[in-house]
Each structure stands twice: as C-alpha cells, then as structure tokens.
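Some notes on the structure that comes next.
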Amino acid sequence: MKRLVLTLVAATCLAGTADAATIYANRAAFEATLASKLVDTFETAQGYPAAFSVLSDAAMSAVVGQTKYTTTGFANNNIIFGNASNQLYCAGCNGSFRVTFDSTSYGTSAGVFGAGVDVEGNDAGAPYFAFITYGDNSTDNIPLAPTPFGTPYFFGVTSSLGVKSIDFGFSGGATAQSGSFSIDNLTIGSTTAVPEAPIWAALILGFGLAGAALRQARGARVAPAMA
C-alpha cells in the first residue's frame, strides 16, 4: 500500500520554498526532467572498494568527484556494503549524513537542478527525513516513508533555484546515531547537456590551437621586412 501511495504522489509541488520545488516518487518521471545526469551507483566499476568498506568523508567524496559526502552522526564513517552485484551506501548504517552539490559539473555553486536516491531501507522505529537546502538557502523538511531493507523506493527533488544539499537524518536536519537508513543510485542532473570528458578535452585543445594560430598570425603581421 505504501508503494501505491508513493506512485500516486509522484510529482508534488512544494509552496514552502521561494520557488516551488517538485518532489518525485517515480524515477522515470524525475529523470525525464533532466537533459543530462550522473548516477552514483557505489559499485566497484566506478572506483569504489568492494563491500564491506569504510571510507572517510574526503575519500568517499573523491571516488566520483561530483558529490560531497559528509557523515553528520558519526565522523568519517561512510560505509559501502552489499554484494558484488549490488553495493549500497550508508553512514555507519544508523547515522545521519549530508550530500552536497555545490561543486559539480552538473550545476553551479547554487546546486543542481535535480537530485534523487533509491531509499533501500528506512527504519520504521526511527524514520529519516530529507532536509533540503536550495540555492537561495530556503529549506524543505520532507518525511521519508519507512521501508524494510530490500523494498526500495525512489525519492527525488527538482528546483530551478538549485538543490544545494540534502541532509538525511531526523526532522529538520537533526543529526542521528540511530535508525537504519541506506541508499543506492544517487542521481544528480541538469536541464542542459554536460559535455563528456573527451569532449571537454577536445574543446580545450581546440581553444589552445586557435590561440596559437592567432598569436602566430599576429607575429607575422608585425615581423620586420628583410632586405
């Protein structure tokens, strides 16, 4: 029944922010709003160590390099766990954490247009919230439905203000060292296309060659005539 309710409220506008945000419970609907996206799967293919591994905030943030991970309940306790085919993320597995999107190629210092996760488990005895901070520093406090581990659902948010960060913990961004909360497939996205790394390299090389040619042409114009 909970899964049905989540599907029915797949897109809900929030009026509490300076600019209404949209909350999604359907990944396809969320991703349809994005022109480009990155999915952090926490898998070894993206450079993560095999489960079970504990990473510092700096090490966790550096793997993909597009999201800042900060454990707020326990210090430097980012855990990758699961199995070879499906690795998940938690902060001590009963601790709060923050994901920050103010230094990514998919957005600006105000954040990204959209961010979402698959909630893999949310302890009914101490359910977590998503405390969202937008680009203008307005906030929303969204209760996340409890779910037993192994029955995931999607939670996502988009806003033209930018989604700067999300605190996963107790209500209002309160830190926690209890509850059991884990995620998978952290997704960030933009409404514009983001060039792939090889394209960026080609553009930079092109600009460099154009600059060299321009300098060469200028030098030829001012070279003294030879007798």
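The values are calculated or read from the model by the stated rules, or taken from the named source; none is laboratory data. What you see is a predicted model, and the numbers here were worked out from it, not measured in a lab. Cβ atoms come from the backbone with ideal geometry, glycine included; neighbour counts cover every protein chain shown.
You will find that of Leu34, Leu6, the residue that is modelled with pLDDT of 95 or more, touching a strand residue (DSSP E or B) at 6+ places or on another chain (Cβ under 8 Å) and surrounded by 12 or more Cβ atoms within 10 Å (Cβ to Cβ) is Leu34 and no other.
Residues Gly92, Gly65: which one is in contact with a Gly (Cβ under 7 Å, 6 or more places away or on another chain) and modelled with pLDDT of 95 or more? Within the list Gly92, Gly65, the selection yields Gly92.
Output the residue which, of all residues in region 45-89 that are among the polar types (S, T, N, Q) and part of a strand (DSSP E or B), is surrounded by the fewest Cβ atoms within 10 Å (Cβ to Cβ). Write out each step before concluding.
Applying the first criterion (among the polar types (S, T, N, Q)) to region 45-89 yields 46, 53, 56, 61, 66-67, 70-72, 76-78, 83, 85-87.
From what is left, the residues that are part of a strand (DSSP E or B) are 53, 70-71, 78, 83, 86-87.
Details: Ser53: 15, Thr70: 19, Thr71: 22, Asn78: 25, Asn83: 9, Asn86: 13, Gln87: 22.
My answer is Asn83.
Restricting attention to region 126-145, the residues that are in a loop (DSSP other than H, G, I, E, B) and touching a residue at least 40 places away in the same chain (Cβ under 8 Å) add up to 6. Could you list all residues from region 170-197 that are at positive phi and over 11 Å from the mean Cα position of the chain (by Cα)? Across region 170-197, the qualifying residues are Gly172, Gly173, Gly179. Are any of the residues in region 87-107 over 19 Å from Tyr48 (Cβ atoms), touching a helix residue (DSSP H, G or I) at 6+ places or on another chain (Cβ under 7 Å) and touching a residue at least 12 places away in the same chain (Cβ under 8 Å)? Scanning region 87-107 turns up no residue that is over 19 Å from Tyr48 (Cβ atoms), touching a helix residue (DSSP H, G or I) at 6+ places or on another chain (Cβ under 7 Å) and touching a residue at least 12 places away in the same chain (Cβ under 8 Å).
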